[in-house]
Amino acid sequence: MFTGIIAAVGRVTAIKENEKDMAIRIDSGELDLNDVKLGDSIAINGVCLTVTGLYADGFAADVSYETIKRSGFAKIKTGFAVNLEKAMQMKDRFGGHIVSGHVDGVGEITSITALGNAFEYWIKAPDELAKYIAEKGSITVDGISLTTNEIDGGAFKLTIIPHTIAQTNMVNYAVGTQVNLEVDLISRYLERLMLGEKAAQSTKQQKRSTMDLLARSGFLG
């Protein structure tokens, strides 16, 4: 588990692509690895990965096909700056929000506007994630715990202070930049809970039940 408070910005130094997955090596920058051991979890741009190798300047991790498919790792290249956060300990200060490190999808920055000393970012999320994003709610962008200040359909606005930009890879963001998104964990569990007994049904059964309800209510001819 993570909090979305970035500890350091690292850099991708090597990528080994396999048939459907990959292995990467990260220069961890100022991230303290003295208490990290093989098998520990580190979030890289919000993706929880397992440390498979430790080096004087960083660590290695394997990236599965599922992770590549759901995140910006599909377009990652050597030299990319990445946000890093070690898994939290029970004694740690909880400064952000509950972050699992399981990315839900990839968003795209559509505009960046200066606002005094801060900047406003509009990000378009995939349509299927729109229902989980609420105004003044929490969202994780490339592993950063942030607050949504305005919603417009599947798009949301962030207001970011200079400190956050300077301490993360947001300093490299531009219109068109793709970012990893993780919606609020509570909203996903709440949706599942509201299914009640239908949660045990297959997806096809759930869809059929919905269509039957619409037909009985006169919405279908």
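One residue stands out among those in region 149-194 that are of a type outside the set (Val, Ile, Thr) and part of a loop (DSSP other than H, G, I, E, B): the one that is nearest to the chain's Cα centre (by Cα), which is ASP184. When you check THR159 against the structure, is it hydroxyl-bearing (Ser, Thr, Tyr), more than 22 Å from ILE44 (Cα to Cα), surrounded by 11 or more Cβ atoms within 10 Å (Cβ to Cβ) and at pLDDT 80 or above, yes or no? Criteria met by THR159. Scanning region 1-60 for residues that are of a type in the set (D, E, K, R), within 20 Å of the chain's Cα centre (by Cα) and within 18 Å of ASP142 (Cβ to Cβ) yields one hit, ARG11.
Pairs meeting the criteria (first residue in region 150-178 and under 17 Å from ALA125 (Cβ atoms) and in contact (Cβ under 8 Å) with a residue 40 or more places away in the chain, second residue surrounded by 17 or more Cβ atoms within 10 Å (Cβ to Cβ) and small (Gly, Ala, Ser), beta carbons under 6 Å, at least 6 apart or on different chains) are GLN178/GLY72. Checking ALA130, ALA134, ALA114 one by one, the residue that is in a strand (DSSP E or B) and over 20 Å from GLU66 (Cβ atoms) is ALA114 and no other.
The values are calculated or read from the model by the stated rules, or taken from the named source; none is laboratory data. All figures in this text were calculated on a predicted structure; none of them were measured in a lab. A quick note on method: Cβ atoms are made from the backbone with ideal geometry, for glycine too, and the neighbour counts reach across all protein chains shown.
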